[in-house]
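**Student:** The structure is given below, and queries will be raised subsequently.
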Amino acid sequence: MTFKRRLRAITATLMSSFMLLSTPVALAERIKDLATIDGVRANQLIGYGLVVGLDGSGDKTTQTPFTVQSVKSMLATLGVVVNPGLNPQLKNVAAVMVTAELPPFTKPGQSIDVTVSSLGNAQSLRGGTLLMTPLKGADGNIYAMAQGSLVVSGFGAEGADGSSVTVNVMNSGRIPNGALVERAVPSAFGDEPMLVMSLNSPDFTTALRVAKSINDSLGQGVARPVDSATIEVAAPADLAAKVAFVSAVENLSVQPGSAPARVIINSRSGTVVIGSEVRLLPAAVAHGNLTVSIAEDYQVSQPGAFARRGNTAVTPNSDVSIEEGSGRMFYIEPGVTLKDLVAAVNKIGVAPGDLVAILQALESAGALRAELIVI
C-alpha cells in the first residue's frame with residue numbers, strides 16, 4: 001500500500017470515529033480525562049537565585065549569611081571585587097528558590113511561568129526583580145533561564161505604633177512567561193510502535209471498556225488491556241498519522257467503572273466523605289452525649305468578733321454534676337443507600353465527630369459494606 005492510500009485509509013477511519021463521537025453517551029467521559037500516555041509528561045525544574053529592588057523588606061543578612069555570599073559571588077562574576085572581610089547589610093536583596101514545570105514537547109525559545117519563593121526571612125517580595133537564574137532538572141542539566149519582575153498578590157500595611165495587617169502571602173510570587181527554555185527534554189513518543197496508556201484511577205472494568213471503545217472505533221486488535229491501569233495501543237509509525245490517531249483516541253467516550261465503596265475520614269478537620277457505593281446491613285444505632293460539669297466555689301470562715309484565737313480561712317467547695325443527653329435509636333434497613341444514611345444521621349442531629357464514631361462502630365459490627373479510610 002502506498003503512502004497516499006494508507007493516509008486515505010487512516011483519514012477515513014478517523015472520520016468515522018469522529019462521527020461516533022457525535023452520538024451522546026450517558027454518563028461517559030473522554031479517554032483524555034481518564035488516562036495519560038506514558039512518556040508524555042511534564043518535568044519539574046528548580047533553581048536558586050536573588051531578588052533585588054525590594055523596598056527595605058529583604059533578608060536580614062545577620063541571620064541569612066548565604067544571601068551575602070550569593071551577592072559577593074554574583075558581583076565577582078560581573079567583575080566587581082568585594083573585600084572578603086566586608087559584611088554589607090543588604091536590605092533590598094532576598095535569596096529565593098525558583099520552581100517551574102516544563103510541559104512535554106516544549107522546544108528551546110518557548111517561555112514558561114515560574115514561581116519565586118523566599119528562602120530567608122524577607123518580609124515581602126513585592127516590587128522585586130529576579131536576576132538571571134538557571135533552572136535545573138533532576139538530572140542536573142540546565143533546561144531554562146528565569147528572569148523578570150515579580151507579581152505578588154499579597155500586600156501589607158504597618159502603623160507607627162507597630163500594628164500591622166497582612167493579606168495573603170507577600171514572600172512568594174510568580175513571573176508569567178518568566179523563563180526561556182534552553183534545552184528540550186528527549187521524548188520517545190515518535191519512536192515507540194506501541195502507545196501505553198495509564199489510567200488515572202486503576203480499575204479493571206474501566207481498562208476493559210477503554211480497550212473495547214478503541215477497538216470498536218478504530219478496528220479490532222488495536223488496543224489490549226494489560227492490567228487494571230495499563231492499555232497498550234498499536235499506533236501508526238508516521239508521526240503525522242500518529243498525532244491524528246492519538247487525537248481520535250483521546251476524544252472517544254467511555255463509561256468508567258463504578259468507584260469502590262469507601263468512607264474517607266479526616267481526623268484533623270472532622271470531614272467525612274461517603275462514596276455513592278457505600279451500603280449498610282441491618283443495624284440499630286443509639287448515640288448519646290455525656291456532659292460533666294465542675295463548678296468551684298470558695299467559702300470564707302472567720303473567728304467570732306470577740307474570739308481571742310483563730311484565723312480567717314478560705315475553704316473550697318466543689319459542685320460536680322453529670323448530665324447525659326437523650327440518645328435516640330434509629331434502625332438501618334438492609335441495603336441502605338447514601339441518601340438514606342445521610343437522612344438518618346441528620347434526623348438525630350449528630351456532629352461530624354459523632355458521625356465518625358458511628359461509622360467506626362458500624363464497621364466493627366460488620367454492618368458497613370465499605371472501606372473505612374482515616375487520613
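The values are calculated or read from the model by the stated rules, or taken from the named source; none is laboratory data. Quantities reported herein were computed from a predicted structural model and do not represent experimental measurements. Note: ideal-geometry Cβ built from the backbone for every residue, glycine included; neighbour counts use all protein chains shown.
**Student:** With the requirement that a residue be of a type in the set (A, V, I, L, M, F, W, C) and in a strand (DSSP E or B), what does the stretch 96-117 give you?
**Tutor:** Filtering the stretch 96-117 down to residues of a type in the set (A, V, I, L, M, F, W, C) leaves 96-98, 100, 102, 105, 112, 114, 116.
Passing the criteria: V96, M97, V98, A100, L102, I112, V114, V116.
**Student:** Kindly indicate whether A229 is free of Cβ contacts under 8 Å to residues at least 60 places away in the same chain and within 15 Å of N200 (Cα to Cα).
**Tutor:** When the stated conditions are applied, A229 passes them.
**Student:** Checking the conditions here, which among T36, T11, T67, T62 is in a strand (DSSP E or B) and either under 30 Å from G257 (Cα atoms) or at pLDDT below 90 (or both)?
**Tutor:** T36 is the lone residue from the list that is in a strand (DSSP E or B) and either under 30 Å from G257 (Cα atoms) or at pLDDT below 90 (or both).
**Student:** Take L86 and tell me if it is free of Cβ contacts under 8 Å to residues at least 60 places away in the same chain, touching a helix residue (DSSP H, G or I) at 6+ places or on another chain (Cβ under 9 Å) and either within 20 Å of R183 (Cα to Cα) or surrounded by fewer than 11 Cβ atoms within 10 Å (Cβ to Cβ) (or both).
**Tutor:** yes
**Student:** Being of a type in the set (G, A, S), modelled with pLDDT of 90 or more and within 13 Å of P256 (Cβ to Cβ) is the filter here, so list the residues in the stretch 183-210 that pass it.
**Tutor:** Across the stretch 183-210, the qualifying residue is only A207.
**Student:** Related question: Please work out which one of (1) outside any strand (DSSP E or B); (2) at pLDDT 95 or above; (3) not small (G, A, S) is the condition D139 fails and give its number.
**Tutor:** In the conditions (1) outside any strand (DSSP E or B); (2) at pLDDT 95 or above; (3) not small (G, A, S), D139 misses (2) alone.
**Student:** Please state which of the following conditions N168 fails to meet, knowing it meets all the rest: (1) at pLDDT 90 or above; (2) farther than 14 Å from G39 by Cα.
**Tutor:** (1) is the only condition that N168 fails.
**Student:** Okay, moving on. Find the residue count for the stretch 242-265, including only residues that are assigned to a loop (DSSP other than H, G, I, E, B) and exposed (fewer than 14 other Cβ atoms within 10 Å of the Cβ). Quick ask: steps written out before the conclusion?
**Tutor:** From the stretch 242-265, those assigned to a loop (DSSP other than H, G, I, E, B) are 251-252, 255-261; that's our starting set.
Among the residues that remain, those that are also exposed (fewer than 14 other Cβ atoms within 10 Å of the Cβ) are: 258-260.
Summing the residues that are assigned to a loop (DSSP other than H, G, I, E, B) and exposed (fewer than 14 other Cβ atoms within 10 Å of the Cβ) in the stretch 242-265 gives 3.
**Student:** Just need a number here: residues in the stretch 210-233 that are assigned to a helix (DSSP H, G or I) and either touching a Ser or Thr at 6+ places or on another chain (Cβ under 6 Å) or crowded, with 19+ Cβ neighbours inside 10 Å (or both).
**Tutor:** Looking only at that region, the number is 6.
**Student:** Looking at this structure, is T271 closer than 30 Å to Q360 by Cβ, among the polar types (S, T, N, Q) and in contact (Cβ under 8 Å) with a residue 60 or more places away in the chain?
**Tutor:** For T271, the condition - closer than 30 Å to Q360 by Cβ, among the polar types (S, T, N, Q) and in contact (Cβ under 8 Å) with a residue 60 or more places away in the chain - is met.
**Student:** Search the stretch 118-130 for residues being buried (at least 18 other Cβ atoms within 10 Å of the Cβ) and not in a loop (DSSP other than H, G, I, E, B), and hand back the single one that is modelled with the lowest pLDDT.
**Tutor:** S118
Residue by residue, here is whether (1) small (G, A, S); (2) in contact with a Lys or Arg (Cβ under 7 Å, 6 or more places away or on another chain); (3) outside the structural domain of T62 (by TED's automatic domain parsing) holds:
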{"residue": "Q89", "(1), (2), (3)": "no, no, no"}
{"residue": "N92", "(1), (2), (3)": "no, no, no"}
{"residue": "M97", "(1), (2), (3)": "no, no, no"}
{"residue": "K107", "(1), (2), (3)": "no, no, no"}
{"residue": "D113", "(1), (2), (3)": "no, yes, no"}
{"residue": "L119", "(1), (2), (3)": "no, no, no"}
{"residue": "S124", "(1), (2), (3)": "yes, no, no"}
{"residue": "T129", "(1), (2), (3)": "no, no, no"}
{"residue": "G137", "(1), (2), (3)": "yes, no, no"}
